[in-house]
Amino acid sequence: MTNSVLGNNSVDNPYQMALKQLEETAKLINLDPGIHKILSKPKRILTVSLPVKMDDGSIEVFTGYRSQHNDARGPFKGGIRYHPQVTLEEVMALSMWMTWKCAIVDIPLGGGKGGIICNPKELSKMERERLTRRYAYSIADIIGPHTDIPAPDVYTGGEEMSWIMDTYSMLKGNYAQPEVITGKPISIGGSLGRTEATGRGVSITVREAAKKLNIPMNDATVVVQGFGNAGQFAAKLVEEQGAKIIAVSDTKGAIINKNGFKTNELIKYKNENKSVKGFKGSTDITNEDLLTTECTVLIPAALENQITKDNASKINTKIIAEAANGPTTPEADDILYQNKVLVIPDVLANSGGVTVSYFEWLQNLRREYWTENYVNERLDGILTKAFVDVYNAHLQYNTNMRTASIASAVQRVAEAIKLRGIWP
Ligand code: NAD
């Protein structure tokens, strides 16, 4: 399983990948060797054995992890994934990447990640609930509204977050503490705007990139690979900015219409027909053709490893906005940089999700509910600034946007560690 801030990192050991990335960044920004040592290890790792009574009366023991990488800038933040291939090293790497992600958008949170080795598709709802509650109980002493605030990740969602919120609240004083976790359903403290947040974030970074390249959005043509949650909202919102969506795809195939699709109609069609294929006025193309279609903005919003050394030189766009995690391999990154394609890296382009999670936490702490407009306005402010910061760093370090985003993140975390000092 992969999840990238440096393009494809589908190596056997993601933690080694994360360390290598930190090492390269350290050289680039001349990082203090002591701070480098601190950042090379999570502050705390907890491994828990989780006995669960299965529906047939037998007992199964699952393994769960929580890795807390760094909290110099604020409480640890990061999702919990349920997957048979979860490993401790993957969780550790993801926790480090969360530290960078929160620092890139400059929200006062650090990086954490959790996981349980299990196949949730083979568990009944009751088994999933017992497993989730046992995990919540087992990590309850190291998470908390001011220490570590988990969230959903692969194969976890509102249901699991509700059980964790309830278990934690029962254990710690028996009153509702929604601020211990984000990604909750709205009725127990979830935030409006969360569903669209990732796509909205993508559209904000695209708008800012177009400004830097002096491209009016009215003249922009957009291609979206993967018309799912992130892809649909990104398409809808860049269309609202004036752009034309000329090609889209999903697992069943890709379609094109040079005159532009009406995104709302396309979303309706996709919901009814489970695919974009066959939409009126469209022509079928291959997925490979979709990626190399001439356009102003390419939004990969499906899977990792889509833009590789084999097709990077054929990519005919000015901006790539990585809604998906890890769609571009490192070799492809180099080719795109040489070809002056502006790549908005995943950590920045898809950070709308974590930013609205931060808003959810703030609302819960203050016992407030924000309007959707207010959420969107604040998201716009944060992501616009984050884009400009990374853009300036890429000019300052004369490097691509991906390296620049990690460099500015590491610098922010390093500064926090320095200011706080080492105690005792
Ligand atoms: P999703 O399942 O809603 O959508 C994925 C879409 O991609 C589907 O329409 C699917 O048909 C399509 N797809 C899959 N394989 C494809 C292929 N080979 N070619 C073309 N299309 C293909 O998922 P999502 O939540 O939109 O996530 C998409 C990506 O965005 C993932 O990489 C995810 O990690 C990343 N992401 C999502 C969020 C979020 O909040 N949804 C946040 C951060 C990152």
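Remarks
- Scanning the range 240-262 for residues that are within 14 Å of the ligand (Cβ to nearest atom) and open to solvent by less than 80 Å² (accessible area, probe 1.4 Å) yields Ala247, Val248, Ser249, Asp250, Gly253, Ala254, Ile255, Ile256.
- Hey, Ile80 modelled with pLDDT of 95 or more and either over 28 Å from Leu19 (Cα atoms) or crowded, with 24+ Cβ neighbours inside 10 Å (or both) or not: yes
- Verdict on Ser275 being within 11 Å of the ligand (Cβ to nearest atom), assigned by TED's automatic domain parsing to the domain that holds Ile204 and closer than 24 Å to Val206 by Cα: no
- Only a single item in (1) touching a residue at least 12 places away in the same chain (Cβ under 8 Å); (2) within 24 Å of Asp346 (Cβ to Cβ); (3) surrounded by fewer than 24 Cβ atoms within 10 Å (Cβ to Cβ) is not met by Thr182, and it is number (3).
- Scanning the range 329-357 for residues that are aliphatic (A, V, I, L, M) and in a helix (DSSP H, G or I) returns Ala332, Ile335, Leu336, Val347, Leu348, Ala349, Val354, Val356.
- When the test is whether a residue is surrounded by fewer than 16 Cβ atoms within 10 Å (Cβ to Cβ), out of contact with any helix residue (DSSP H, G or I) (no Cβ under 9 Å at 6 or more places or on another chain) and farther than 24 Å from Leu379 by Cβ, Thr286 passes it.
- Here the condition is being more than 19 Å from the chain's Cα centre (by Cα) and assigned to a helix (DSSP H, G or I); of Arg367, Arg402, Arg378, Arg412, it holds for Arg412 alone.
- Only residues that are crowded, with 24+ Cβ neighbours inside 10 Å and more than 8 Å from the ligand (Cβ to nearest atom) were counted across the range 221-238, and they come to 7.
- Exclusive hit being open to solvent by 30 Å² or more (accessible area, probe 1.4 Å), more than 24 Å from the chain's Cα centre (by Cα) and within 28 Å of Asp346 (Cβ to Cβ), set Glu272, Glu294: Glu294
- Only one entry of Arg66, Arg134, Arg128 meets the criterion of being over 25 Å from Ser408 (Cα atoms), in contact with a strand residue (DSSP E or B) (Cβ under 6 Å, 6 or more places away or on another chain) and in a helix (DSSP H, G or I), and that entry is Arg134.
The values are calculated or read from the model by the stated rules, or taken from the named source; none is laboratory data. No experiment lies behind these values; they were computed from the predicted model shown. Glycine also receives a Cβ, built like all others from the backbone with ideal geometry; neighbour counts cover every protein chain displayed. Heads up: the accessible areas ignore ligands, DNA and RNA and are worked out on the full protein's heavy atoms, side chains in. Shrake-Rupley method; radii C 1.70, N 1.55, O 1.52, S 1.80 Å.
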